[in-house]
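Note sheet for the following structure.
A short reminder: the numbers here are calculations on the coordinates, not readings from a lab. Not measured: the values here are computed from a predicted model. Note that each Cβ is placed from the backbone with ideal geometry, even for glycine, and that neighbours are counted across all protein chains shown.
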Amino acid sequence: MEEEFCHFVAARGASLCRTAYLLTGDWQAGEDLVQEALAKTYLRRRRLRDQSALEPYTRKVLMTLFLSSRRRQWSKELPFAELPDHAGAPAPASIDEFAERDGLWQALAELPAQQRAVLVLRYFEDRSEAEIAAALNCPPGTVKSHAARGLDRLRKTVAVTEGWPR
Amino acid sequence: MKDFETALRDLLVTQVAAAERPVELLGGVRLRAHQLRARRRTMALATTVVIAVALVVIAVVPLSLAALSRIGGADSGPSAPAPARSGSSEPASLVTPPGWSPVTYGDLQVSVPNSWAVRYASTGCSVRAAGTVYLDVTLKSSASVKRDCHKSTNVVELIPPGAAKLSIPPTATVAKVNGIAVLREPDKDGLLRYVALPLGVEVAASGPQARQVLDTLTRSPLAVVLGPGRRTPVPASWRWHAFGGIRFATPAGWPTLHQKVWGWCGSGVPDQLVELNTARRDAIMSCPDLAYDAKRQAGQLGIQVGAGPAAGKLTGPTAISCSDSRGLRICVQPPYGDQVVLTVSVRPPGRSQPTIVLIGLAGDGKQSRAIFDSIQAARSR
């Protein structure tokens, strides 16, 4: 494998895995998704204009793979039947905070894939609407509506159990 | 109570911090890239077969055989009148026994039975197979192969120059295997270890067929094509083709296929075909998954010449070497991981975009070299 590409994987692999974990809810599944996206990028690398295009392209492939895998799995399984292990997480200050965190994480897992992707890109990666639209290959208006609906749904779901303000 | 959006942001950061672990992605990426290529190759082969069958059907129907022969893409060179097509022209490598396939690694090649698995060491153990070849073995991955992989009776490890054993034990002997000087360590606990001295690659083999495998050690076709030496003369029986501003020769028996779609399953080229491609855009391929055994990963002879915009995108800024000869600027592009195809970009005079030539690497490499050496500027009419 070419040295430049290996350097790119070494430098950006962990960051890609973090995003993929938040999308899939499972570290191993996230790593698989990242490997698949990197393999596709590797095969296409000569058609990219330069090295700086590698990361945006990989992220776009990652998103496409995530959304299409969720579409395929939709009728077969719900990937978040069980909550992931929390071993090693910073200890919550109280039982209430623990319940809030778990409730919110569970609610996030149950969001439709597009809404979840938009929220991860916006609140974890701090991407602008235009950047998210480019990554998801949809108009900025759609990003706005996904973000609004996703947040609304999270608020409602969590409010029922935790008493969050709507 | 915290603002909801801040809480969401905190949650995402906390969850990642809790789940994060060290990642080792390269091995998996290599394996998946191999699988993606294999899928593409299968699709391309299927397409080729369909086209070939269609062509045969057309040729058999006695409509216009003469017209068909006129629309062929080849022209005969002045010194090489097109002879009758022979059958298979692929030279069997002298060191690859029947029923075995070559596995190339850098400049080195060993051959193993067709059914043996081929894997990168970092991707873990193979499925149950009579033998497994592990590529890119390092000290770390070698330990895990030994600890975890007991499914194959025969194991071959290919160790890159950087990780090869540098110390020479006093009991080691120097021998020649198929013309290559090797440092041979005495058999120790059933493990045979050779270091191919001019190539720097180390090969370790264990199991009942270890010796047989090591006896097939030779230079890879890529090393033969790019190695030093005089230009290989074009055999008189070969056929000349003119396309994309260049001329090149191939064995006369290879059919010519005109394609307007760029994209195929796998990294190899279609078997014993001359594909002349004018595609403007890449095809979106969906290739089936394949098990990765020695036979499927082996290269095959053939040539693909792309003169359309889709092929032009293959040229990267980092060519291995460029030379001006035979009226052309010829640049060798970096090989893909499995090195079963040589990618060359050629810039013919008067053309704004390069012509891309993909030469299949197989057999003893001599035919691939003869094709490569035959590339020259097309004559102006």
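Data table
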| item | result |
| --- | --- |
| Ranked B:HIS34, B:HIS258, criterion: other C-beta atoms within 10 Å, fewest first | B:HIS258, B:HIS34 |
| Mean projected area (nm²) of the alpha-carbon convex hull when the range A:103-159 is viewed from all directions | 3.4 nm² |
| Cβ-based exposure ranking for A:ILE132, B:ILE359, B:ILE375, in which fewest neighbours within 10 Å come first | B:ILE375, A:ILE132, B:ILE359 |
| Within 10 Å of each Cβ in A:118-125, the average number of Cβ atoms from other chains | 3 |
| Average beta-carbon neighbours from other chains, 10 Å sphere, peptide B:32-45 | 2 |
| For A:23-32, mean number of other protein chain Cβ atoms within 10 Å | 2 |
| Packing rank of B:114-121, A:115-122, B:204-211, where each peptide gets the mean count of other beta carbons within 10 Å, highest leading | A:115-122, B:114-121, B:204-211 |
| Residues B:MET43, A:MET63 arranged by fewest to most Cβ contacts within 10 Å | B:MET43, A:MET63 |
| Percent breakdown of C-alpha pair distances by 10 Å bin, ordered from the shortest bin, for the range A:1-63 | 24, 57, 18, 1 |
